[in-house]
1. Given the structure, is Ala259 closer than 24 Å to Ile73 by Cα and either surrounded by 18 or more Cβ atoms within 10 Å (Cβ to Cβ) or not aliphatic (A, V, I, L, M) (or both)?
2. How do the pairs read when you match residues in segment 300-319 that are touching a residue at least 60 places away in the same chain (Cβ under 8 Å) with residues anywhere that are open to solvent by 70 Å² or more (accessible area, probe 1.4 Å) and among the aromatic types (Phe, Trp, Tyr), using Cβ under 6 Å and keeping only pairs 6 or more apart or on different chains?
3. Given the residues Val64, Val50, which is the only one that is over 23 Å from Glu350 (Cβ atoms) and either among the charged types (D, E, K, R) or touching a residue at least 40 places away in the same chain (Cβ under 8 Å) (or both)?
4. Which of the residues that make up segment 1-32 are acidic (Asp, Glu) and under 25 Å from Val339 (Cβ atoms)?
5. For Val339, only one of the following conditions fails: (1) β-branched (Val, Ile, Thr); (2) under 21 Å from the mean Cα position of the chain (by Cα); (3) within 28 Å of Asp191 (Cα to Cα). What is its number?
6. Criterion first (open to solvent by 10 Å² or more (accessible area, probe 1.4 Å), over 16 Å from the mean Cα position of the chain (by Cα), farther than 14 Å from Leu100 by Cβ and aromatic (Phe, Trp, Tyr)) does Phe276 satisfy it?
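The values are calculated or read from the model by the stated rules, or taken from the named source; none is laboratory data. Quantities reported herein were computed from a predicted structural model and do not represent experimental measurements. Note: ideal-geometry Cβ built from the backbone for every residue, glycine included; neighbour counts use all protein chains shown. The protein model used for the area step is the full one, side chains on, heavy atoms only, and it has no ligands, DNA or RNA in it. Shrake-Rupley method; radii C 1.70, N 1.55, O 1.52, S 1.80 Å.
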Amino acid sequence: MDYTAGLDEALNRLHEEGRYRTFIDIERRNGAFPAAVWRRPDGTEKEITVWCGNDYLGMGQHPVVLSAMHEAIDAAGAGSGGTRNISGTTVYHKRLEAELADLHGKEAALVFTSAYIANDATLSTLPRLFPGLIIYSDALNHASMIEGVRRNGGAKRIFRHNDVDHLRELLAADDPAAPKLIAFESVYSMDGDFGPISAILDLAEEFGALTYIDEVHAVGMYGPRGAGVCERDGLMHRVDIVNGTLAKAYGVMGGYIAASHKMCDAIRSYAPGFIFTTSLPPAVAAGAAASVRHLKTDHDRRDRHQTQARILKMRLKGMGLPIIDHGSHIVPVIVGDPVHTKQLSDMLLEDYGIYVQPINFPTVPRGTERLRFTPSPVHGPDEMDRLVRAMDALWSHCALNRAELSA
């Protein structure tokens, strides 16, 4: 076996399809975000504005978060020193879990190193706790949820995206006595659409199913205290397990589930993804707890975030750009071709100092390649003006190129 040739073939396929992913080397500017510095491969530097980050609210540079992290690293050092089971549980981890349980109105919470791991570890462990469990998963669930469902070895059913009627058909076709769980999201990150949460919870109650909701792209940003769409819609008490992240609106790192004491205790005791992983550094846990605590009362930051998203969508629509608007904070502009998506991204970066990463297959279906903008409260009017003018100029240029290629 020529292993090098195999690697070359695999990588060449990505280049030929125009979806090879390039890392952009940037240095965020504390106190000045979304300003950053792009370090080109040749060593030169360029000032840029980041328009695709998941630090949705700018909390990664908030003084409350930074102060908590500095205090924790001075008090406890850099790393946690082990897994949660073996010397890696500190007062900072316990405080964070208490903040998260309070946020979601649950008895307990369990912190993981990422929301990906939290999804994968929890969903792959549940069939061990409930033998014969059938998991009903939305077709557009995040890769981490898909991986957890795939790896658990139990029965699974995939229902068409947000199709409650199809979900009902699948539930009704299975043994009424079988344990069941419905896994779905509140905000789907690529199109920015909302899950039909209330209708799914109604079905879960009718068919005796547990519910598992991923609120990764909603925590911190929706609801009176930032607990997500379930809080906004008054549905938190009806959901069994909530998954969230500390790496997006909260601006730090990590993921978690919030649920009953017994559910968190069972996942803690059985999930290899939790048991055998070194816990978050104390400083990270402290910063995340401070961010969660702060955003429970910072309504103005959430309001400004939603306002920024509405303004950007309105301005891009006014230019006739094909954006998807489901009313969330996510602003996808559909290009529909991986080569042209990359071309637009490169030109925005090099010519205008605007960084937005191209989104290609398999993250989105072929033919729906896009630029995904994430406006935030720290993007000012000047940054937005520059973005709109750049998109106006480049969209026409790329449209001409597409016409030439298809002729």
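1. Values: closer than 24 Å to Ile73 by Cα: no; either surrounded by 18 or more Cβ atoms within 10 Å (Cβ to Cβ) or not aliphatic (A, V, I, L, M) (or both): yes.
Spelling it out, it is not the case that Ala259 is closer than 24 Å to Ile73 by Cα and either surrounded by 18 or more Cβ atoms within 10 Å (Cβ to Cβ) or not aliphatic (A, V, I, L, M) (or both).
2. Short answer, once both residue conditions are applied: none.
3. Values: Val50 fails: over 23 Å from Glu350 (Cβ atoms).
Answer to the selection: Val64.
4. Start the filter on segment 1-32 by keeping residues that are acidic (Asp, Glu), which leaves 2, 8-9, 16-17, 25, 27.
Matches in segment 1-32: Asp8, Glu9, Glu16, Glu17, Asp25.
5. Evaluating Val339 over (1) β-branched (Val, Ile, Thr); (2) under 21 Å from the mean Cα position of the chain (by Cα); (3) within 28 Å of Asp191 (Cα to Cα) leaves (2) as the failure.
6. Details: open to solvent by 10 Å² or more (accessible area, probe 1.4 Å): yes; over 16 Å from the mean Cα position of the chain (by Cα): yes; farther than 14 Å from Leu100 by Cβ: yes; aromatic (Phe, Trp, Tyr): yes.
When the stated conditions are applied, Phe276 passes them.
This table checks each residue for (1) β-branched (Val, Ile, Thr); (2) in contact with a strand residue (DSSP E or B) (Cβ under 8 Å, 6 or more places away or on another chain); (3) within 15 Å of Ala289 (Cβ to Cβ).
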position	(1), (2), (3)
Val65	yes, no, yes
Ala68	no, no, yes
Glu71	no, no, yes
Gly82	no, yes, no
Asn85	no, no, no
Thr89	yes, no, yes
Lys94	no, no, yes
Ala101	no, yes, yes
Gly105	no, no, no
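Listed here are the residues, each with its yes/no results for (1) aliphatic (A, V, I, L, M); (2) closer than 27 Å to Gly18 by Cα; (3) touching a His at 6+ places or on another chain (Cβ under 9 Å).
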position	(1), (2), (3)
Lys296	no, no, no
His299	no, no, no
Ala309	yes, no, yes
Val335	yes, yes, no
His340	no, yes, no
Leu348	yes, yes, no
Ile354	yes, yes, no
